[in-house]
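Peer 1: First, the structure itself, so that you have it in front of you.
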Ligand SMILES: C[S@@+](CC[C@H](N)C(=O)[O-])C[C@H]1O[C@@H](n2cnc3c(N)ncnc32)[C@H](O)[C@@H]1O
C-alpha cells in the first residue's frame, strides 16, 4: 500500500480491524498490561503495579542486552513486535546514532509509542506486517524480537523473511521469549491453551506459538544467555528466557 502517516504512525500495511489485534488487546487489558503513558515512559522500571516483579526480571535482561549493543555501529534497527515502543526507546538511547523502527501490527500501542516518545526523533513507529512487500524502509543491520517471536507461527519462516529485509551482515536477536526443548513443547502448548481458556480468551491460542531450539539448528546462531534450571525454578531475580543471536552469514 502507499505509505501514509496517521497519529504519528507510519502505515505500510493495511490495518486489520479484526483477528489478532482485537483478541490480543482484550487479553492485555484483562492481564493489566495496558499501561499509562507515564508508566510506559519509565519502562522497564515499573513500581506499585501488579506486574512489578515481572518487570524487575525484564530490567535485568534489558540491561544485559543494551550492554551488548551500546558500542555497536548501527544505522538502522528494526524492533518487530515493538508494542508501545519502550524497548525501541531504550535501544535508541543505547545506540544514539541509529534510527530504531518500532514495528508492530497493533495500532493502539504504536500510537501510544508515537505519543510517549515524540521527543525522541530516532524512533519511528511503523504499522507493518513484515510479510507485506514494501520499499520504503531502509535495510537494518539488526532486527530485534523482544517478547514477540511467539506470535509468529514458524520460526524458520520469520527468520528467512527477516534475512530478506535486512542487510547482508545483519543479526537477529530474540529476547524475553520462551524457546523450548523439543520434548517440553507439547506440555507448554497445553499449558498455554489452558491459560487462555481460563482467562476467557481461548481464541488467543491460535496466535501464540511454541518454538523449539531444534528449529534454530539450521541457522548460524549462538545462545548468548541461557537461564539456569535452578534460577528458573527459584526465580532468583534472573530472566527465565534465553537470549539468542542469529547471524545472516
Ligand atoms: C508481548 S508484546 C511485546 C512488546 C514489546 N516488544 C515488549 O518487549 O514489551 C508482543 C507484540 O508483538 C506484536 N505482534 C504480534 N504479531 C505480530 C506481527 N505479525 N507483526 C508485528 N508485530 C506483531 C503484538 O502486536 C505485540 O505488540
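The values are calculated or read from the model by the stated rules, or taken from the named source; none is laboratory data. A quick note: this is a predicted structure, and the numbers were derived from the prediction, not measured. FYI the Cβ positions are ideal-geometry reconstructions off the backbone, even for glycines, and counts take in every protein chain you see.
Peer 1: Examine segment 238-246 for a residue that is over 22 Å from residue 65 (Cα atoms) and touching a residue at least 60 places away in the same chain (Cβ under 8 Å), and state whether such a residue exists. Walk me through how you get there before you give the answer.
Peer 2: Filtering segment 238-246 for residues over 22 Å from residue 65 (Cα atoms) gives none.
Within segment 238-246, none of the residues are over 22 Å from residue 65 (Cα atoms) and touching a residue at least 60 places away in the same chain (Cβ under 8 Å).
Peer 1: Another question, if that's okay. Being part of a strand (DSSP E or B) and under 18 Å from residue 92 (Cβ atoms) is the filter here; which residues of segment 116-136 pass it?
Peer 2: Our first condition is that a residue be part of a strand (DSSP E or B); within segment 116-136, this holds for 123-127.
Hits for segment 116-136 are 123, 124, 125, 126.
Peer 1: Okay, moving on. Scan segment 171-187 residue by residue and report those that are buried (at least 16 other Cβ atoms within 10 Å of the Cβ), touching a strand residue (DSSP E or B) at 6+ places or on another chain (Cβ under 7 Å) and either assigned to a strand (DSSP E or B) or modelled with pLDDT under 95 (or both).
Peer 2: Answer for segment 171-187, where residues must be buried (at least 16 other Cβ atoms within 10 Å of the Cβ), touching a strand residue (DSSP E or B) at 6+ places or on another chain (Cβ under 7 Å) and either assigned to a strand (DSSP E or B) or modelled with pLDDT under 95 (or both): 171, 172, 173, 174, 175, 179, 180, 185.
Peer 1: Kindly provide the set of residues from segment 137-162 that are surrounded by 14 or more Cβ atoms within 10 Å (Cβ to Cβ), outside any loop (DSSP other than H, G, I, E, B) and either within 12 Å of the ligand (Cβ to nearest atom) or over 17 Å from the mean Cα position of the chain (by Cα) (or both), ordered by number.
Peer 2: Passing the criteria: 143, 144, 145, 146, 149, 150, 151, 158, 161, 162.
Peer 1: Moving on to the next point. May I ask you to say which residue of 17, 73 is in a loop (DSSP other than H, G, I, E, B), over 21 Å from residue 149 (Cα atoms) and modelled with pLDDT under 90?
Peer 2: Working: 73 fails: modelled with pLDDT under 90.
Step by step, each of 17, 73 is checked, and only 17 is in a loop (DSSP other than H, G, I, E, B), over 21 Å from residue 149 (Cα atoms) and modelled with pLDDT under 90.
Peer 1: Within segment 118-136, restricting attention to residues that are touching a residue at least 60 places away in the same chain (Cβ under 8 Å) and in contact with a strand residue (DSSP E or B) (Cβ under 6 Å, 6 or more places away or on another chain), which residue is farthest from the ligand (Cβ to nearest atom)?
Peer 2: To start, the set of residues in segment 118-136 that are touching a residue at least 60 places away in the same chain (Cβ under 8 Å) comprises 118, 124-129, 132, 134, 136.
Filter again for in contact with a strand residue (DSSP E or B) (Cβ under 6 Å, 6 or more places away or on another chain), leaving 124-128.
Details: 124: 15, 125: 11, 126: 10, 127: 9, 128: 7 Å.
In this case the residue turns out to be 124.
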